[in-house]
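The values are calculated or read from the model by the stated rules, or taken from the named source; none is laboratory data. Every value quoted in this text rests on a predicted model; they were computed, and no experiment measured them. No Cβ is skipped: glycine too gets one built from the backbone with ideal geometry, and neighbour counts run over all protein chains shown. We work out accessible area using only protein heavy atoms, side chains counted, and drop any ligands, DNA or RNA first. Shrake-Rupley method; radii C 1.70, N 1.55, O 1.52, S 1.80 Å.
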Number of protein chains: 4
Amino acid sequence: MTETDAAPDTPPDAHAQEHAHHGYISNQDNYLKRLRRIEGQARGLQGMVSDEKYCIDILTQISAMTSALQSVALGLLDDHLNHCVRDAVASGGAEAEAKLLEASAAIARLVRS
Amino acid sequence: MTETDAAPDTPPDAHAQEHAHHGYISNQDNYLKRLRRIEGQARGLQGMVSDEKYCIDILTQISAMTSALQSVALGLLDDHLNHCVRDAVASGGAEAEAKLLEASAAIARLVRS
Amino acid sequence: MTETDAAPDTPPDAHAQEHAHHGYISNQDNYLKRLRRIEGQARGLQGMVSDEKYCIDILTQISAMTSALQSVALGLLDDHLNHCVRDAVASGGAEAEAKLLEASAAIARLVRS
Amino acid sequence: MTETDAAPDTPPDAHAQEHAHHGYISNQDNYLKRLRRIEGQARGLQGMVSDEKYCIDILTQISAMTSALQSVALGLLDDHLNHCVRDAVASGGAEAEAKLLEASAAIARLVRS
């Protein structure tokens, strides 16, 4: 898609800006790499169960995978607070309120899961 | 492999027994199914990051995936206590000691991860 | 200290405002009530151990106490985001950066503890 | 109650033995010491809230207290597996089944709290 087709009332960087609000664009490759490794761990666990590996070794792998997932979650939350929530708060109003409530609920889910 | 070749001092069901000790043989398909779903969740998360979906929605998915993983871990631990640890304790001796120590360490890793 | 001595360039409500930044002033009594109950649970656990109550019952009490503590932590974090972090972000600058980093670190400690 | 009244068919050490099954008798003082420290942390938190200390410092204290509680829980669970569950498994039968189920449920509560 070329930006030259953009309607005059649409700023050319509107799309990029919207993306920037989601905050993780700069680290996207890093997140994808970590999630691919986590996907590999899930596949590895299936191999261990198929081969009837020792339970404790499987549990060790699950603990490692859970930590890797938690670490991705904390990174995303960090990005979210630093971009999305921050921008909403800087703009103020009901949007700020809503973003903060939503972030608190996500944090509670992470702490309790 | 035919059991007829088994040396006289090896009980014919030694291999089956060893597997039985790992405890999850009866639920193996169920564990594989759950782990395949978890692998699918890891792949889904990559799609969400690639498409720059909303952070909070990604975090919700990660919480669900973490709970699914924890549930698999608790199931495996349960099987392990009911088979491997139980058999070792019934036999007694140093093996029982070792299995209980190992199980405690695995539980601590799960609680802390 | 009486507020009547306040220099003209210090708004009389500066102290109250600083407190308000800590965010939990309105719920202080509620937090104190919950923490007193948690203290009571810690004392109850000592009684259970002294009386050599059944381990599983003690563990159930510890799980309840941990959940109560987590809930206080999530409430305080919520207040902190809605007041301290929000005000810092609205003011902008290095303070906003510092508050967000600090909040992220506290969230990571909660998720991992 | 004096042990001299014990019926002849009740071994005089039955009560002590039952206690020994609860497993933590040797470490009782250590557990009591740790729980008193946890109680002190709960009291300290009330002081911090009353004095309107900085939220993040309170959260750091709560994380430390949660870890201390978890550590007590893991110790008690360890003792429970090594005494109560072990004895029940060595005796076999329905009691072994029941103790293992109960231990699994307690572990699940710890992992999820």
Taking the alpha-carbon centroid of each part, what is the distance from the stretch A:65-113 to the stretch B:41-113 in angstrom?
25 Å
Taking the axis of the rotation relating chain D to chain A, the D residue whose Cβ comes closest, together with that distance in whole Å, is D:112, 4
Karplus couplings for the stretch D:37-53 from phi (6.51 cos²θ - 1.76 cosθ + 1.60, θ = phi - 60°), rounded to Hz, Gly and Pro as x?
5, 5, 4, x, 5, 4, 5, x, 4, 4, x, 5, 5, 4, 7, 6, 5
For the pair B and A, total buried accessible area rounded to nearest 100 Å², probe 1.4 Å:
4400 Å²
Rounded to the nearest 10 Å², what accessible area does residue D:43 show when all protein chains are kept and the probe is 1.4 Å?
110 Å²
For residue A:33, place a label point 7 Å out from Cα along the Cα→Cβ vector, do the same in each other copy, and report the separations in nm, one decimal, smallest first.
3.8, 4.7, 5.1
Could you sort out which of A:33/A:99; A:53/B:99; A:99/C:33; C:53/D:99; C:99/D:33 sit more than 25 Å apart by Cα distance in this structure?
A:33/A:99; A:99/C:33; C:99/D:33
At 1.4 Å probe size, what's the solvent-accessible area of residue C:83? Round to the nearest 10 Å².
70 Å²
Rounded to whole Hz and in sequence order, give me ³J(HN,Hα) for the stretch A:80-94 from the Karplus expression 6.51 cos²θ - 1.76 cosθ + 1.60, θ = phi - 60°, writing x for Gly and Pro.
4, 4, 6, 10, 4, 5, 4, 5, 5, 5, 4, 6, x, x, 5
Placing +1 on the Cβ of each Lys and Arg and -1 on the Cβ of each Asp and Glu in the stretch B:23-112, which of B:68, B:104, B:56 has its Cα farthest towards the positive end of the resulting dipole?
B:56
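How big is the charge dipole of the stretch C:23-112 about its Cα centre, in debye rounded to the nearest 20, if each Lys and Arg gets +1 on its Cβ and each Asp and Glu gets -1 on its Cβ?
Using only the charged Cβ atoms, the result is roughly 180 debye.
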Mean projected area, convex hull of alpha-carbon positions in the stretch D:23-112, reported to one decimal in nm², is 6.7 nm²
